[in-house]
Every structure is written in structure tokens, then in C-alpha cells.
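A quick write-up on the structure given underneath.
The values are calculated or read from the model by the stated rules, or taken from the named source; none is laboratory data. As the structure is a prediction and not an experimental result, all values here were calculated from the model. When we count neighbours, we look across all protein chains shown, and the Cβ atoms used for this are built from the backbone with ideal geometry, even at glycine. Surface areas here come from the heavy atoms of the whole protein model, side chains and all, with no ligands, DNA or RNA. Shrake-Rupley method; radii C 1.70, N 1.55, O 1.52, S 1.80 Å.
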Amino acid sequence: MTEITSAAELREILGEPMPRAVTKERVELHRRDREWIAAAPFLVLATGDARGNCDASPKGDPAGNFVHVIDERTLAIPERPGNRRADGYLNILENPHVGLLFLIPGRSETLRVNGRARLLRDAPYFDRMVVKGHRPVLAIEVEVEQIFFHCAKAMMRSSIWRPETWNPDVLPAHAALVKEVQKTSETLEELEAYYAPENYEAKLYGS
């Protein structure tokens, strides 16, 4: 194995970025960024703690009622009921730097936002993030430091939006996976009932 240990070695292999890739970085939300965020029902939140341990967490809500844009430099992501691990939130308390990747289903480009985050238990704009009668229990407020569109190559290589390539049954159902990889007191039948789509659907925004 030959490890890469310096930026110079990395550049020797990859080369220098094209000028357009360098100049696409912005520090304020453009009108098109706002429109993209409004159309995106899904994002990935990347965080890291003070020791450098990292986490990437999916977040989702109906498009248009998900991430709230406060102004050209600030946005807010609502928290919905989940497993309560709070990995990303605990990271933010130690290290405010976050990365966001916004996806629009069927669209091969993505929108990347990097910035500094803080956790809020309430704010006036929480009322604008109500879904099915449920107000978010907290929100991540992100001060934008860098924003740019990412090209389509990764999505094209993966064929992620081509239904003919999908194979969701390549692995056992989630209940079976949980029973196999975790130590859990529930039986497989109990896990299947818990993870049943109709059960999950009923609990998406509260019990």
C-alpha cells in the first residue's frame, strides 16, 4: 500500500481544480439556493465532536415545509421525533461546524452548505415549521459560511434515481437485520410489528 500523506501528493494525483470549481463558492444564499432548499425534502447533516469523531444523519420533511430560511446567511432545520440518540446534536454542543447536503429526488445535482450551528429549544419561526399539527421540539440554526452546487457525476455514476436499477430486497427486511446484528430482547415478530410501515407512519410526528 502507498499512503497519501500530504496535500502536494494529493494534488499530484488529482491535479488542480478547474477555475469554475473554485469560484462557485458563495457565502450568502442566492434566490436559486432558497428555491432549491424549498424544493428539497431531504438532507444529510454532517457533524463532528471535539475529538474528531464524525456523524452523518439524514433529515427529512415535506418539501416546502422543511428547512426554514431565516435570511441570506441563516437557516434552521427542525427536529422531529426519532431514536433520541442525538449524536449530531451532542456533536454540535462540542463543535459547531456542520455540513449539509440537500437532495431533490430525481435531480442529480446537490446543494452543499457548510457553516456554524447552534441548538434552539424555541424561536418565533418554529410556528412556520409545523407539520401535521406538530411543532418541532428543537431546531438547528445554521450560520452559512460556504454554499455551492455540486455537479451530477456521483449521482450519474450510481444511477441512484433510475428505478430499473433499484433492488430494495437485496438484503432482509429491517426487522431481520436488527435481530441479526443487535442484542435485543424483542422477538423477530415483535420487531416486525414495530417496524411495520403503518406503525412507523403513525409515529412520524409523535405518538
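Observations
- Residue in segment 149-158 that is in a strand (DSSP E or B) and within 15 Å of LEU43 (Cβ to Cβ) present: yes
- Total residues in segment 177-207, condition free of Cβ contacts under 8 Å to residues at least 12 places away in the same chain, of a type outside the set (D, E, K, R) and part of a loop (DSSP other than H, G, I, E, B): 5
- When GLU143 is tested against (1) assigned to a loop (DSSP other than H, G, I, E, B); (2) open to solvent by 60 Å² or more (accessible area, probe 1.4 Å); (3) modelled with pLDDT of 95 or more, just one condition goes unmet, and that condition is (1).
- Within segment 106-137, the set of residues being open to solvent by less than 20 Å² (accessible area, probe 1.4 Å), assigned to a loop (DSSP other than H, G, I, E, B) and at pLDDT below 95 comprises PRO136 only.
- Whichever residue in segment 177-189 is closer than 17 Å to ASN83 by Cβ and over 28 Å from the mean Cα position of the chain (by Cα) and, among such residues, is least open to solvent (accessible area, probe 1.4 Å): GLU186
- Residues of segment 70-82 that turn out to be loosely packed, with under 14 Cβ neighbours inside 10 Å and either hydroxyl-bearing (Ser, Thr, Tyr) or within 16 Å of the chain's Cα centre (by Cα) (or both), as a count: 2
- Any hit, segment 2-12, residues being closer than 28 Å to LYS203 by Cα and modelled with pLDDT of 95 or more: no
- Of residues in segment 94-105 being surrounded by 15 or more Cβ atoms within 10 Å (Cβ to Cβ) and out of contact with any His (no Cβ under 9 Å at 6 or more places or on another chain), the one nearest to ASP49 (Cα to Cα): ASN95
- Residue check, ALA152 within 22 Å of GLY88 (Cβ to Cβ) and open to solvent by less than 100 Å² (accessible area, probe 1.4 Å): no
- Test for PRO62: is it surrounded by 10 or more Cβ atoms within 10 Å (Cβ to Cβ), touching a residue at least 12 places away in the same chain (Cβ under 8 Å) and within 21 Å of ARG128 (Cα to Cα): no
- Qualifying residue in segment 21-43 (condition: surrounded by 18 or more Cβ atoms within 10 Å (Cβ to Cβ), touching a Lys or Arg at 6+ places or on another chain (Cβ under 6 Å) and under 29 Å from ARG162 (Cα atoms)): yes
- Breaking point among (1) open to solvent by 50 Å² or more (accessible area, probe 1.4 Å); (2) among the aliphatic types (A, V, I, L, M); (3) touching a residue at least 40 places away in the same chain (Cβ under 8 Å), for ALA56: (3)
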